[in-house]
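**Student:** A single structure is presented below for examination.
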Amino acid sequence: QREGTCNVPALHKEDGLNLGIWLSHQKTSNKKRTLDHKYQKQLEELGVVWNVLENQWEEMFALLVQFQQREGTCNVPHRHKEDGSNLGKWLNNQRQRKETLVEKHHKQLEELGVVW
C-alpha cells in the first residue's frame, strides 16, 4: 500500500522479514500450481502480478496503442516518451527482436500497424 505496487525486489525486507524472498516463493508455488487457490486470490486482490515481464510488455503495448490512436501511426520516434516511459526505445527493441518475439506479441504489434 505504501509503495503503490506489489512488485517487491527479491532482497527487500519489511519489519526485518524478507518480503521479497517470501513473495518469490509464492510466485514459484503459483507457477508450479501448488499455491492454495485462496492465497492466490488474496495475493491477486492485493495486486500481485505473477508474470512481471508479460505485465510490463502489456503496459508498453497499451502505451503504443495510445500513441497510435492519437497520432494515427505506429512510427514512434526513437527518443519519444509516452506517459514517462521510453516508448520509442521499447518499440525499437521489439523490432530488433522481431524473430524471437512471442508469436502473440508479434501478432499484436502487426495488427496495430507496426512496420518492421
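**Student:** Mind checking which residues of region 13-24 are at negative phi, assigned to a loop (DSSP other than H, G, I, E, B) and open to solvent by 60 Å² or more (accessible area, probe 1.4 Å)?
**Tutor:** Lys13
**Student:** Is there a residue being without any contact (Cβ under 8 Å) to a residue 40 or more places away in the chain, more than 18 Å from the chain's Cα centre (by Cα) and part of a helix (DSSP H, G or I) anywhere in region 79-97?
**Tutor:** yes
**Student:** If you check Leu109 against the conditions, is it within 15 Å of the chain's Cα centre (by Cα), in contact (Cβ under 8 Å) with a residue 40 or more places away in the chain, open to solvent by less than 60 Å² (accessible area, probe 1.4 Å) and over 23 Å from Lys31 (Cβ atoms)?
**Tutor:** no
**Student:** Taking the condition of a type in the set (Asp, Glu) and surrounded by 11 or more Cβ atoms within 10 Å (Cβ to Cβ), does Glu82 pass?
**Tutor:** yes
**Student:** For Leu35, work out the one condition from (1) part of a helix (DSSP H, G or I); (2) modelled with pLDDT of 95 or more; (3) buried (at least 16 other Cβ atoms within 10 Å of the Cβ); (4) not polar (S, T, N, Q) it doesn't fulfil.
**Tutor:** For Leu35, the exception is condition (1).
**Student:** Does any residue in region 65-78 that is open to solvent by less than 70 Å² (accessible area, probe 1.4 Å) come within less than 6 Å, Cβ to Cβ, of a residue that is among the charged types (D, E, K, R) and outside any helix (DSSP H, G or I) six or more places away or on a different chain, and which pairs are these?
**Tutor:** What qualifies is Phe67/Glu82.
**Student:** Residues to consider are Asn51, Asn18; find the one that is more than 30 Å from Lys107 (Cα to Cα), out of contact with any Gly (no Cβ under 7 Å at 6 or more places or on another chain) and not charged (D, E, K, R).
**Tutor:** The match here is Asn18.
**Student:** Just to verify a result, which residue in region 48-64, among those that are among the aliphatic types (A, V, I, L, M) and without any contact (Cβ under 8 Å) to a residue 40 or more places away in the chain, is surrounded by the fewest Cβ atoms within 10 Å (Cβ to Cβ)?
**Tutor:** The qualifying residue surrounded by the fewest Cβ atoms within 10 Å (Cβ to Cβ) is Leu53.
**Student:** Test each condition in (1) under 26 Å from Thr5 (Cβ atoms); (2) open to solvent by 50 Å² or more (accessible area, probe 1.4 Å); (3) not basic (Lys, Arg) for Val115 and report the one that comes out false.
**Tutor:** The one condition Val115 does not meet is (1).
**Student:** If you scan region 70-116, which residues turn out to be within 16 Å of Glu59 (Cα to Cα) and in contact with a Cys (Cβ under 9 Å, 6 or more places away or on another chain)?
**Tutor:** Once the filter is applied, which keeps residues that are within 16 Å of Glu59 (Cα to Cα) and in contact with a Cys (Cβ under 9 Å, 6 or more places away or on another chain), region 70-116 yields Leu91, Leu109, Leu112.
The values are calculated or read from the model by the stated rules, or taken from the named source; none is laboratory data. As the structure is a prediction and not an experimental result, all values here were calculated from the model. Cβ atoms come from the backbone with ideal geometry, glycine included; neighbour counts cover every protein chain shown. Heads up: the accessible areas ignore ligands, DNA and RNA and are worked out on the full protein's heavy atoms, side chains in. Shrake-Rupley method; radii C 1.70, N 1.55, O 1.52, S 1.80 Å.
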